Amino acid sequence: MKVEVYLRYMSVENAARFSPILFQILKKLGVEVEIKQWDGTEATIPTEKPVIMYSRGTLHCPIELFTRRCGELGHLPWYDDVVVVSDGGKPQNLYEAISSFMERVGRHQE
């Protein structure tokens with residue numbers, strides 16, 4: 001299974017260094033990662049299929065807008081080394097949250 005990970009002006013090596021949990025879980029699940037670049041604005045959040053939206057530090061939109069829009073589109077928003085859900089909360093079990101997201105990605109790829 002493959003997932004697109006949209007990074008905000010960052011290399012995959014830096015993302016993996018800053019967020020090892022995310023990339024370790026994706027590896028454990030056997031997920032192939034395809035990296036795309038993203039400018040951090042709400043207007044450029046992709047709409048075609050579920051993806052992982054990754055950002056560290058400053059977004060060019062409020063975090064609440066970022067998480068709400070990602071939730072509406074079925075994306076997994078990952079911000080400052082933690083997945084955040086549409087209400088701005090954080091799931092108790094990251095493995096379950098990422099695994100559940102990857103199940104949605106798999107259904108979309110069928």
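So here's what we get for this one:
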| item | result |
| --- | --- |
| Amide H within-cut-off set for K36, under 5 Å, with H built and near neighbours excluded | V5, Y6, L7 |
| Stretchable slack from K90 to N14, in nm (0.36 nm times residue separation minus alpha-carbon distance) | 25.1 nm |
| Under 15 Å, Cβ to Cβ, from D81 - net charge with Lys/Arg +1 and Asp/Glu -1 | +3 |
| Spatially close lysines, pair count over the chain: Cα under 22 Å, gap of eight or more or interchain | 10 |
| DSSP-defined beta bridges in the chain - what % are antiparallel, rounded to 5 | 10 percent |
| Two-decimal log10 I(q)/I(0) for the chain, as the Debye equation yields it once each C-alpha is a single scatterer, q = 0.11, 0.20 Å⁻¹ | -0.29, -1.06 |
| HN-Hα J in Hz across the stretch 29-37 - Karplus 6.51, -1.76, 1.60, θ = phi - 60°, x for Gly and Pro | 7, x, 8, 8, 9, 10, 8, 10, 9 |
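Rule-based calculations on the coordinates, nothing more; no lab input. Note that the structure is predicted; figures quoted are calculated from it, not measured. Using ideal geometry, Cβ is built from the backbone for each residue, glycine included, and neighbour counts are taken over all protein chains shown.
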